[in-house]
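See below for the structure under consideration.
The values are calculated or read from the model by the stated rules, or taken from the named source; none is laboratory data. Here the structure is a predicted model, which means the values were calculated and not measured. Cβ: placed from backbone, ideal geometry, glycine included. Neighbour counts: every protein chain shown. These area figures cover heavy atoms from the full protein model, side chains too; ligands, DNA and RNA do not enter into them. Shrake-Rupley method; radii C 1.70, N 1.55, O 1.52, S 1.80 Å.
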Amino acid sequence: QVILDQQGPLPIKAAFNSVTDEPVYIEVNGSVWSQMPDNLIGILVEVDGIVVGKALIFSNQPATHRTVVPSYGQVQLGPGQHTIVLSPVTPTTTSDENDFYTAVIHY
């Protein structure tokens with residue numbers, strides 16, 4: 001189930017509905033960049049205010065958009081509406097309208 005498919009910048013907040021109370025995996029993909037060289041950058045993933053994962057990449061060069069290594073966070077949601085927030089994982093993580101994000105629930 002695709003719960004988010006959106007252009008940046010971060011932070012991004014989206015509401016979604018879960019259809020089960022069984023454990024599920026939330027996968028997050030996207031891109032970020034930094035103005036500083038040699039930095040760990042990425043996306044912090046929160047569901048209902050709880051950190052469930054970090055999608056990270058180490059960037060050697062500045063001002064270059066980098067695709068993060070996908071994050072797979074296991075969560076147990078109740079049926080109904082929930083909220084996902086994607087935000088910069090470090091102060092040096094930057095994003096803009098040239099970055100794109102996807103979040104998917106794997107049941």
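In debye, nearest 20: dipole of the chain around its Cα centre with unit charges on the Cβ of K, R (+) and D, E (-)? List each step's numbers first, then the result.
Values: 3 positive and 10 negative charges, 33 e Å.
So the dipole magnitude of the chain works out to roughly 160 debye.
If you plug each phi of the stretch 55-64 into the Karplus form 6.51 cos²θ - 1.76 cosθ + 1.60 with θ = phi - 60°, what whole-Hz ³J(HN,Hα) values come out, in order, with x for Gly and Pro?
9, 10, 7, 9, 10, 7, 9, x, 6, 10
With a 1.4 Å probe and all protein chains left in place, how much of the accessible area of the stretch 1-48 comes from carbon and sulfur atoms, in whole percent? Show your work: numbers first, answer last.
Details: 1140 of 2350 Å².
The value for the stretch 1-48 is 48 percent carbon and sulfur by accessible area.
Express in nm, to one decimal, how much length is gained between ALA63 and VAL19 on full extension, taking 0.36 nm for each residue of separation and deducting their alpha carbon distance. Present the calculation step by step, with values, prior to reporting the outcome.
On the way: separation 44, 0.36 × 44 = 15.84 nm, distance 4.02 nm.
Gain on stretching ALA63 to VAL19: 11.8 nm.
Between SER87 and ASP5, 0.36 nm times their residue separation minus their Cα-Cα distance comes to what? Before the final figure, lay out the partial values.
Numbers: separation 82, 0.36 × 82 = 29.52 nm, distance 1.45 nm.
Contour length minus the Cα-Cα distance gives 28.1 nm.
Relative contact order for the chain: what percent, with Cα pairs under 8 Å and sequence separation of 6 or more?
Numbers: 303 pairs, mean separation 50.0, N = 107.
RCO, the chain: 47 percent.
What does the accessible area of TYR107 come to, in Å² to the nearest 10, when a probe of 1.4 Å is used?
TYR107 has an accessible surface of roughly 130 Å² with all protein chains in place.
Counting only heavy atoms of protein chains, what accessible area per residue, in Å², does the chain have with a probe of 1.4 Å?
52
HN-Hα J couplings of the stretch 15-20 from phi, Karplus 6.51/-1.76/1.60, θ = phi - 60°, integer Hz, Gly and Pro as x?
9, 8, 10, 9, 9, 8
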